[in-house]
1. Could I have the simple spin-label model distance between residue 240 and residue 25, label points 7 Å from Cα toward Cβ, reported in nm to one decimal?
2. By average Cβ neighbour count within 10 Å, what is the ranking of 658-669, 429-440, 180-191 from highest down?
3. Along the Cα-to-Cβ line of residue 547, 7 Å from the Cα, sits a label point; which residues in segment 218-238 have backbone N less than 17 Å from it?
4. Using a cut-off of under 13 Å, list every residue of segment 158-181 whose amide N is near the label point 7 Å from the Cα of residue 192 along the Cα-to-beta-carbon line.
5. Please report the antiparallel percentage of the DSSP beta bridges confined to the chain, to the nearest 5.
6. How far is helix 82-99 tilted off the main Cα axis of the chain, in degrees rounded to 10, range 0 to 90?
7. Looking at segment 364-503, what % of its DSSP beta bridges pair antiparallel, to the nearest 5?
8. Just to verify a number: FRET efficiency for residue 60 and residue 533, C-beta to C-beta distance, R0 = 41 Å, to 0.05?
Ligand code: SF4
């Protein structure tokens, strides 16, 4: 028996980016465990990834290339050889590219966050092809743009340092479900006497374990931040020295905040004035005070502005002066990657239009026009499941159903999206390929060594795009780079790549208290409250709210959010039987008073609807949802829903104020019992 242990990293869309040890016995991965030596994740994996061998050897893994033989959406395919599949795909793409390569669109997101298997070789291929570019906005671009506007990049506290905070605001994050290792540090801080306050419309598992929970209305976070700033000013809880030396634009921001006394802010947020004032007092007086902000709160019209306002808070109180004070939304900007070396934009001979992934529903249905450019004729989907996750899915499905659309999907499983593909190409999982990772939750670079041979005929994304490039006749030398060579190109000389491979990770050189004396990565080193192109941020009401659309709010009085179920990660893991059995079935949480007003009993089948469509599932009558809010936990594949839909049947395609992002949590609905 030959047993060995391999260094790996979790590839999923989670800030923790855990270090993993894979036990391999005679070529079979038998166990995955957290690596206890990795400081930010210290040896624990979440329930989802602890079941990685189950997912890797799942009986429904796609093992061979498949070609569609039934109608789109039917899921009927025949097995084909790789050579035949790649040659035929190239033959289908070639005439489209000859007419106008912009009619070809890549569609990808965070199915893997690996730097090599996500975009590198794929980007080279699409650059060389001259395809349309994709604006990858579906999750976090409002928040990341807001953070960048204030701090210069996606930078924040070391997650390990929350352990010594005296106050932790967990803002828009169900950390137990989606940021487990931060939660471990927060719990230890709690044991050491810290106060934990959760700010979230839903009473999550995390809120249950905090000292306080502020259940604000979805999309009101910017108003809460302004109310807090107003209180900081009114009580002179400001660090004037920090503001004077390390920030810019305070007088403009202060003028906006003057319009937000606690009474007004609390009314917009749907909380009491006392709760808002108490929060301000705690934030100003319990030091060090730290904010763990997450992306849920920015999936609304004003999401970017809200992040800018919240990011101002630790600058106003000088919380950044201490290593356990400040804010963490993203740490991904600490890694100084050489993206151009990986993606080779110089291969692109002509500029091409950019399509926003958050409006794929509309864009797949558009005809050619001078404004839009050519109709989308071919779509290559990798690391993504847009039929399940993109907003306004009825339109997305209509687009994917187009008989004149040629669709290729690289996947592990027959997802909702794969059901519409002309070709499904089996991709390797993290245990089967090489990759390197940065993290958006900590300041470490990680390596993922392949632990086992590819299952079936699966190939790494890089290998699939190499094959497509060869069949298209692209002979540029960069298409011959190995995965290890691509990874090495990502880093400058400050990173010892050999050491990274030997140890499994390296810590980036980030100060313990990175902004104790300013030094933000902005043009002047100061945090920017009113940059020249944006001015000061203000509260922006959701598109779908009584303030912005009173007639709509009268017809659809319930706000719907659709955060991830604890045992799924976006739409990954939904088909892992043991995890799905924990989640049970698609549910809609509704407050007991809202349920009673509609004659809805716990466990009853309900229809949730608005002008865009209808979603059917069972009701869970619970005060986890505040009054006026319903929660459609996701992201279930549509095919697992009782009527073949999920909450994205109801979401819309309007975009955020900054970052052109999707506004999933800016959605009004009504709910009715089904007789
Ligand atoms: S999903 Fe997150 S918590 Fe779970 S193993 Fe991956 S990085 Fe760690």
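What follows is calculated from the coordinates using simple rules that are stated; it is not laboratory data. The structure presented is a predicted model; accordingly, all values stated were derived computationally and were not measured. Every residue, glycine as well, gets a Cβ built from its backbone with ideal geometry; the counts of neighbours run over all protein chains shown.
1. So the label points at residue 240 and residue 25 sit 6.9 nm apart.
2. Working: 658-669: 26.0, 429-440: 24.5, 180-191: 20.3.
So the peptides 658-669, 429-440, 180-191, ranked by packing, come out 658-669, 429-440, 180-191.
3. From segment 218-238, the list is 218-231.
4. In segment 158-181, the label zone of residue 192 (backbone N under 13 Å from the point 7 Å along Cα→Cβ) covers 159-168.
5. On the way: 43 of 88 bridges.
Counting only bridges with both partners in the chain, antiparallel ones make up about 50 percent.
6. Here the helix axis deviates by roughly 70 degrees.
7. Numbers: 4 of 14 bridges.
If I count the DSSP bridges inside segment 364-503, around 30 percent turn out antiparallel.
8. 0.25
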